[in-house]
Amino acid sequence: MILIKTDEEIEGIRKAAQVVAEVLEYSREIVKPGVMTKEVDAKIKEFIENRGGYPAFLGYRGYPAASCISLNDEVVHGIPGNRKIKEGDLVKVDVGVNLNGYIGDAAITIIVGDVSPKVRKLVETTERALYNGINQAYPGSRLSDISHAIQVTAEKEGFSVVRDLGGHGVGLKLHEEPFIPNYGPPGRGPVLKMGMTLALEPMVNMGHPHVKTKKDGWTVVTRDGSLSAHFEHTIAILDNGPEILSKIS
Ligand code: MF3
Ligand code: CO
């Protein structure tokens with residue numbers, strides 16, 4: 001069942017998602033060459049707590065950190081650790097915040113220093129895929145209209161979308177129904193309704209779409225070792241269309 005949130009609930013989710021937006025903006029400042037990913041995570045945790053929130057990922061199904069920090073061929077769910085960020089890395093920072101029982105979830109891909117035009121294109125295309133997906137989120141549309149817009153945007157540039165993971169309902173729990181594939185034909189799946197809150201999160205690979213999970217039980221990597229990019233927003237479907245709740249305002 002897809003939950004329909006009240007205006008009051010949406011306001012709570014908006015406030016949580018605003019903290020997520022601020023954390024991600026802050027992470028753009030602290031992600032730089034020479035910094036260990038666990039140092040970034042510690043600062044993210046402190047930032048969230050200073051805002052009166054709790055990191056929604058911490059302890060979720062046993063996840064051991066406040067954020068997911070995934071480098072290069074790591075798609076998502078990278079566990080922060082001793083590794084140092086270096087020039088040319090693609091750093092995906094994914095953060096969830098629980099504020100007063102409401103949850104926001106968003107992610108960005110940060111380009112560290114100089115990368116090739118093709119890598120830049122991968123990152124820009126993934127972000128555009130997210131926005132094109134968001135632009136399908138109107139009351140009366142179908143869920144797979146979002147999926148299709150994301151897939152078309154990525155594949156038009158010669159990239160591929162990850163199949164095994166996708167977006168999700170969010171707001172009162174981190175993962176709510178529905179699962180939102182980032183591919184598929186339009187016009188399928190549940191009808192979107194006012195009051196739904198969703199996390200849309202395209203994961204786009206430079207090579208093949210196939211992924212595997214590493215032995216740590218979390219880190220998802222591309223099977224072919226190709227680079228991957230990820231962007232995510234928490235949105236609400238309002239009567240006049242989508243509102244991006246995790247947008248920096
Ligand atoms: N945005 C990711 C997701 O929705 C982050 C979850 S990480 C976890 O899957 F640790 F909380 F599982
Ligand atoms: Co998510």
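The values are calculated or read from the model by the stated rules, or taken from the named source; none is laboratory data. Predicted model, so just to flag it, every value in this text is computed and none were measured. Cβ sites come from the backbone with ideal geometry, for glycine too, and all protein chains shown count toward neighbours. The protein model used for the area step is the full one, side chains on, heavy atoms only, and it has no ligands, DNA or RNA in it. Shrake-Rupley method; radii C 1.70, N 1.55, O 1.52, S 1.80 Å.
Quick rundown of the values:
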{"quantity": "Candidate set from the stretch 217-227 (those that are within 12 Å of ligand 1 (Cβ to nearest atom) and in a loop (DSSP other than H, G, I, E, B)); member that is farthest from residue 89 (Cα to Cα)", "calculated": "217"}
{"quantity": "Residues of the stretch 228-245 classified as over 11 Å from residue 130 (Cβ atoms), touching a strand residue (DSSP E or B) at 6+ places or on another chain (Cβ under 9 Å) and either open to solvent by less than 10 Å² (accessible area, probe 1.4 Å) or not in a strand (DSSP E or B) (or both), total", "calculated": "5"}
{"quantity": "Looking only at the stretch 191-207, and only at residues there that are within 11 Å of ligand 2 (Cβ to nearest atom) and part of a strand (DSSP E or B), the one that is farthest from residue 57 (Cα to Cα)", "calculated": "203"}
{"quantity": "Residue in the stretch 148-163 that is within 16 Å of ligand 1 (Cβ to nearest atom) and part of a helix (DSSP H, G or I) present", "calculated": "yes"}
{"quantity": "Residue selected from the stretch 215-227 under the condition closer than 17 Å to residue 57 by Cβ and touching an Asp or Glu at 6+ places or on another chain (Cβ under 9 Å), by the criterion surrounded by the fewest Cβ atoms within 10 Å (Cβ to Cβ)", "calculated": "219"}
{"quantity": "Qualifying strands (runs of 3 or more DSSP E) (wholly inside the stretch 1-106; at least 3 residues being of a type outside the set (Asp, Glu) and open to solvent by less than 50 Å² (accessible area, probe 1.4 Å))", "calculated": "67-71, 90-99"}
{"quantity": "Residue identified as closer than 12 Å to residue 228 by Cα and polar (S, T, N, Q) among 72, 82", "calculated": "72"}
{"quantity": "Extreme residue, nearest to ligand 2 (Cβ to nearest atom), among residues of the stretch 178-190 that are in contact with a Leu (Cβ under 8 Å, 6 or more places away or on another chain) and under 11 Å from residue 2 (Cα atoms)", "calculated": "178"}
{"quantity": "Filter pass, residue 102 being within 16 Å of ligand 1 (Cβ to nearest atom), touching a Gly at 6+ places or on another chain (Cβ under 7 Å) and not aliphatic (A, V, I, L, M)", "calculated": "yes"}
{"quantity": "Condition check for residue 90: within 16 Å of the chain's Cα centre (by Cα), of a type in the set (A, V, I, L, M, F, W, C) and farther than 22 Å from residue 174 by Cβ", "calculated": "yes"}
{"quantity": "Given (1) over 19 Å from the mean Cα position of the chain (by Cα); (2) open to solvent by less than 10 Å² (accessible area, probe 1.4 Å), index of the condition residue 199 fails", "calculated": "(1)"}
